[in-house]
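Input: a single structure, listed below in structure tokens.
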Amino acid sequence: MIWRDHLRSIVDESKTHFGRLFDVIVFLTIALSVVVVILESIPSIAVVYGPLLRLLEWIITIWFTIEYIMRLITVAKPLKYATGFYGLVDLLAVIPTYLSLIFVGTQSLMVFRAFRFLRIFRVFKLTRFVSEASTLMIAMKASRQKITVFMCVVLAIALVMGTLMYMIEGEVNGFYSIPDGIYWAIVTMTTVGYGDMAPLSSLGKILASFLMLIGYSIIAIPTGIVSVEIAAAHRVGIESRVCSKCTRQGHERESLFCRFCGEKL
């Protein structure tokens with residue numbers, strides 16, 4: 001239908017005038033909603049401006065609800081969109097406010113507070129409007145096997161080093177179990193160094209120094225892996241067009257059809 005195609009050009013495409021305007025409005029609304037959630041958590045501000053903040057929240061929620069319905073109308077498979085990443089994020093952006101109607105008068109309950117502050121996850125809606133987001137997602141997917149192998153190696157090192165440190169230091173020096181040793185190894189290898197656990201023996205200090213050097217040598221590996229894949233994605237010219245059927249991004253600029261489902265772009 002013509003009206004549906006026109007609506008899709010506004011909601012899903014950022015190259016048209018109205019599409020760019022729609023993206024800007026959603027972008028600013030997301031930013032405003034995050035600010036409102038943050039301000040609500042400050043008691044002194046919530047006491048004075050509570051009614052205004054709640055009014056803004058309902059205006060934002062109604063707008064996000066309209067946007068969510070528009071996206072369901074424009075996609076070829078609404079159920080697939082609703083259960084996908086962006087669909088779940090869009091649903092999570094509106095559901096907490098409506099849930100607050102069910103928990104009226106229970107503002108002190110932690111479950112209610114949790115539902116309220118779930119609205120902060122609206123920030124994930126921003127990924128749809130960042131032109132490089134699709135390139136980053138493709139790079140992450142392409143490097144997932146290498147990253148998985150890397151993480152397995154890091155965990156193996158943490159397991160071995162943590163066990164050795166437990167054997168060397170023992171309970172006398174604060175290493176009460178192998179999991180404690182593994183925790184220390186992860187904290188040391190990532191160069192965080194909380195200082196809550198530290199070896200006291202000479203052999204333990206030597207092992208710790210060796211692990212610190214290992215941490216510095218491997219910390220840049222994931223960055224290098226992802227950087228290579230991002231460069232590869234840029235070489236083929238990835239752009240942020242959205243497929244109307246599968247709602248996925250990451251197509252080459254010259255592509256006429258979706259690289260995931262074959263739908264015409």
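Only residues that are surrounded by 19 or more Cβ atoms within 10 Å (Cβ to Cβ) and either small (Gly, Ala, Ser) or in a helix (DSSP H, G or I) (or both): list them for segment 187-203, please.
Of everything in segment 187-203, those that are surrounded by 19 or more Cβ atoms within 10 Å (Cβ to Cβ) and either small (Gly, Ala, Ser) or in a helix (DSSP H, G or I) (or both) turn out to be THR188, MET189.
Only residues that are among the β-branched types (Val, Ile, Thr), within 17 Å of GLN145 (Cα to Cα) and exposed (fewer than 13 other Cβ atoms within 10 Å of the Cβ): list them for segment 204-234, please.
Once the filter is applied, which keeps residues that are among the β-branched types (Val, Ile, Thr), within 17 Å of GLN145 (Cα to Cα) and exposed (fewer than 13 other Cβ atoms within 10 Å of the Cβ), segment 204-234 yields only THR223.
Can you pull out the residues in segment 161-188 that are within 22 Å of MET151 (Cβ to Cβ), out of contact with any Ser or Thr (no Cβ under 8 Å at 6 or more places or on another chain) and either at pLDDT below 90 or not hydrophobic (A, V, I, L, M, F, W, C) (or both)?
Listed by number, the residues that qualify are GLY162, THR163, PRO179, ASP180, TYR183, THR188.
Filter segment 68-99 down to the residues that are among the β-branched types (Val, Ile, Thr) and more than 18 Å from the chain's Cα centre (by Cα) and list them by number. If you could, list the steps in order and put the result at the bottom.
To start, the set of residues in segment 68-99 that are among the β-branched types (Val, Ile, Thr) comprises 69, 73-75, 83, 89, 94-95, 97.
Residues satisfying the conditions are ILE69, ILE73, THR74, VAL75, ILE95, THR97.
Restrict the check to segment 29-46 and report whether at least one residue is modelled with pLDDT under 75 and among the charged types (D, E, K, R). It would help to see each step written out before you state the result.
So in segment 29-46, the residues modelled with pLDDT under 75 come out as none.
No, there is no match, as no residue in segment 29-46 is modelled with pLDDT under 75 and among the charged types (D, E, K, R).
Tally time: how many residues in segment 38-57 are over 30 Å from ARG8 (Cβ atoms) and within 24 Å of the chain's Cα centre (by Cα)? Please lay out each step first, then the result.
Initial filter on segment 38-57 (over 30 Å from ARG8 (Cβ atoms)): 38-55.
Applying the additional criterion that residues be within 24 Å of the chain's Cα centre (by Cα) yields 38-41.
Residues flagged as over 30 Å from ARG8 (Cβ atoms) and within 24 Å of the chain's Cα centre (by Cα) within segment 38-57 amount to 4.
In segment 150-170, which residues are of a type in the set (D, E, K, R) and under 35 Å from the mean Cα position of the chain (by Cα)? Steps first, answer last, please.
Quick first cut of segment 150-170, residues of a type in the set (D, E, K, R) only: 169.
Answer for segment 150-170, where residues must be of a type in the set (D, E, K, R) and under 35 Å from the mean Cα position of the chain (by Cα): there is none.
Here's a check for you: in segment 161-182, which residue that is among the β-branched types (Val, Ile, Thr) and surrounded by 14 or more Cβ atoms within 10 Å (Cβ to Cβ) is nearest to GLY193 (Cα to Cα)?
In the first step, residues of segment 161-182 are kept if they are among the β-branched types (Val, Ile, Thr); the result is 163, 168, 172, 178, 182.
Next cut, surrounded by 14 or more Cβ atoms within 10 Å (Cβ to Cβ) only: 163, 168, 178, 182.
Details: THR163: 18, ILE168: 19, ILE178: 18, ILE182: 13 Å.
Only one residue fits best here, namely ILE182.
Looking at TYR176, is it part of a helix (DSSP H, G or I) and under 25 Å from LEU200 (Cβ atoms)? Write out each step before concluding.
Working: part of a helix (DSSP H, G or I): no; under 25 Å from LEU200 (Cβ atoms): yes.
So TYR176 fails the test.
Considering segment 195-247 alone, what residues qualify as being under 13 Å from LEU136 (Cα atoms), modelled with pLDDT of 70 or more and not hydrophobic (A, V, I, L, M, F, W, C)?
Within segment 195-247, THR223, SER227, GLU229 qualify.
The values are calculated or read from the model by the stated rules, or taken from the named source; none is laboratory data. From a predicted model like this one, the values you see are computed outputs, not experimental measurements. Quick reminder, even Gly has a Cβ in these numbers, built from the backbone with ideal geometry, and neighbours come from all protein chains shown.
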